[in-house]
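Encoded as structure tokens, the structure appears first; notes follow it.
The values are calculated or read from the model by the stated rules, or taken from the named source; none is laboratory data. Keep in mind the model is a prediction, meaning the values are calculated, not measured. Methodologically, a virtual Cβ is constructed for each residue, glycine included, from the backbone with ideal geometry; neighbour enumeration extends over all protein chains shown. Calculation scope for accessible area: heavy atoms of the full protein, side chains included, ligands and nucleic acids excluded. Shrake-Rupley method; radii C 1.70, N 1.55, O 1.52, S 1.80 Å.
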Amino acid sequence: MSEPWERPVRLHEMARGPVTRRLEPDAAARAQIAKSLKLESLPALTADVTLRPWMDGAEIEGRIRAVVEQICGVTLETFQQPVACDFQVRVVTADSPHAPIAEGGEIEVDLEAPDPPDVLASDTIDIAHYVTEHLALELDPFPRKPGATFDYEPPAAETSPFAALKTLMEPKA
């Protein structure tokens, strides 16, 4: 699947030090991102990303600011909501000795340890992919418009199939 928005940075570009990029997709790219994330629209998206050399790969730090338009799960009305997050990811190439190796096909997960680095298919990092990925992680899977409440009242009458028979068997006054 092709990405809706791409901003590649090659690993060798960090040879002289950190690389900083400000990413602001145009309206067409935001529409594609919104479609891929199943949003109604994406009125605004800005990301400030810094890449630094890390071992034989890179460390990516970013700050995302966005406005997303979603459908309320209670009222089914569209509403806009701001989203802000910071993220940090480390990446290495597949031939790196620091690439995670699954022993016996299983990976042990230590919740206290930092995440293992992502393995790149080549020496190019698509920083837009990481921005889109972390934006998706910040979205509420059950969005609710501010102030929307779910008021449910169970039926007051008995709904048993025998309820009608019960009323027929009651003596009439």
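Taken over region 125-146, the criterion of being surrounded by 16 or more Cβ atoms within 10 Å (Cβ to Cβ) and of a type in the set (Phe, Trp, Tyr) is satisfied by Tyr130 alone. Here Arg63 fulfils each of the conditions (1) more than 21 Å from Ala15 (Cβ to Cβ); (2) assigned to a strand (DSSP E or B); (3) in contact (Cβ under 8 Å) with a residue 60 or more places away in the chain apart from (3).
Which one is surrounded by the most Cβ atoms within 10 Å (Cβ to Cβ), of the residues in region 1-54 that are basic (Lys, Arg) and touching a residue at least 60 places away in the same chain (Cβ under 8 Å)? Among them, the one singled out is Arg7.
Residue count for region 147-171 under the criterion of being open to solvent by less than 60 Å² (accessible area, probe 1.4 Å), part of a loop (DSSP other than H, G, I, E, B) and either of a type in the set (A, V, I, L, M) or in contact (Cβ under 8 Å) with a residue 12 or more places away in the chain (or both): the result is 1. Just a yes or no: is a residue in region 123-146 charged (D, E, K, R), assigned to a loop (DSSP other than H, G, I, E, B) and within 14 Å of the chain's Cα centre (by Cα)? Yes: one or more hits. Exactly one residue out of Ala99, Ala44 is of a type outside the set (Lys, Arg) and at pLDDT below 95, and it is Ala99.
For region 77-119, the tally of residues that are touching a helix residue (DSSP H, G or I) at 6+ places or on another chain (Cβ under 8 Å) and either farther than 18 Å from Ala44 by Cα or not in a strand (DSSP E or B) (or both) stands at 3. Candidates in region 110-124 are the residues that are touching a strand residue (DSSP E or B) at 6+ places or on another chain (Cβ under 8 Å) and of a type in the set (Asp, Glu); of these, the one that is surrounded by the most Cβ atoms within 10 Å (Cβ to Cβ) is Asp118.
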